[in-house]
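Chemist: So that we are looking at the same thing, I have put the structure below in structure tokens.
The values are calculated or read from the model by the stated rules, or taken from the named source; none is laboratory data. Since the model is a prediction, treat every value here as computed from it, not as a measurement. Don't worry about glycine lacking a Cβ; one is built from the backbone with ideal geometry, like all the others, and counts go over all protein chains shown.
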Amino acid sequence: MGRMKELSLQFRGYMVKGEAMLKLWGGEEGFIEMKPYFIPENKLSHTLIKRSVNDNGFGCEAITQAVVDIYKVYGFPNNSYEEFDRTIVLNAQQCSESIKGIHI
């Protein structure tokens, strides 16, 4: 048999993704998949997680809840591996910080 090869991947940071519950302009509610955001390893904070909550550009009156999945990212920008880390559920008050946007 051939010799086994080993590949080491460097930890790069976190990918934040999930679903947001939206209050639409007509009063209806619905869920939408959020646009994922990458947060470098030394920048992860509750504030940036809350600010990563978004409506994926759909447009709505408010984001009333979000289920946020956080993944650890290893590898390179165009070839990476994600490992599930944790899930966080945010309420309407916590989601209101998302309007500030994410700036790293």
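Chemist: Name every residue in segment 1-33 that is touching a Leu at 6+ places or on another chain (Cβ under 9 Å) and among the acidic types (D, E), in order of residue number.
Modeler: Selection gives E28, E29.
Chemist: OK, next. Take G57 and tell me if it is of a type outside the set (A, V, I, L, M) and on the phi > 0 side of the Ramachandran plot.
Modeler: Numbers: of a type outside the set (A, V, I, L, M): yes; on the phi > 0 side of the Ramachandran plot: yes.
Taking the combined requirement at face value, the residue satisfies it.
Chemist: Any chance you could count how many residues in segment 65-87 are surrounded by 17 or more Cβ atoms within 10 Å (Cβ to Cβ) and without any contact (Cβ under 8 Å) to a residue 60 or more places away in the chain?
Modeler: Residues that pass the stated criteria total 6.
Chemist: Hey, another quick one. I'm trying to understand the selection: among the residues of segment 65-81, which are out of contact with any Asp or Glu (no Cβ under 6 Å at 6 or more places or on another chain) and either at pLDDT 95 or above or under 16 Å from H46 (Cβ atoms) (or both)? So that I can check it myself, show each step before the final result.
Modeler: Restricting attention to segment 65-81, the residues satisfying the condition of being out of contact with any Asp or Glu (no Cβ under 6 Å at 6 or more places or on another chain) are 65-66, 68-69, 74-81.
Once the filter is applied, which keeps residues that are out of contact with any Asp or Glu (no Cβ under 6 Å at 6 or more places or on another chain) and either at pLDDT 95 or above or under 16 Å from H46 (Cβ atoms) (or both), segment 65-81 yields Q65, A66, V68, D69, Y74.
Chemist: Within segment 46-58, is even one residue assigned to a strand (DSSP E or B) and at pLDDT 90 or above?
Modeler: no
Chemist: If I filter segment 46-58 for residues that are touching a residue at least 24 places away in the same chain (Cβ under 8 Å), acidic (D, E) and farther than 29 Å from L24 by Cβ, do I get at least one hit?
Modeler: Checking segment 46-58: not a single residue is touching a residue at least 24 places away in the same chain (Cβ under 8 Å), acidic (D, E) and farther than 29 Å from L24 by Cβ.
Chemist: Got a number for residues in segment 28-45 being part of a strand (DSSP E or B), in contact with a Ser or Thr (Cβ under 9 Å, 6 or more places away or on another chain) and surrounded by fewer than 16 Cβ atoms within 10 Å (Cβ to Cβ)?
Modeler: The number of residues fulfilling the criteria is 1.
Chemist: With respect to the numbered conditions (1) at pLDDT 95 or above; (2) surrounded by 16 or more Cβ atoms within 10 Å (Cβ to Cβ); (3) more than 15 Å from the chain's Cα centre (by Cα), which one is the sole condition not fulfilled by G18?
Modeler: (3)
Chemist: Would you point out the residue of segment 33-45, among those that are touching a residue at least 60 places away in the same chain (Cβ under 8 Å) and in contact with a strand residue (DSSP E or B) (Cβ under 6 Å, 6 or more places away or on another chain), that is farthest from M15 (Cα to Cα)?
Modeler: P40
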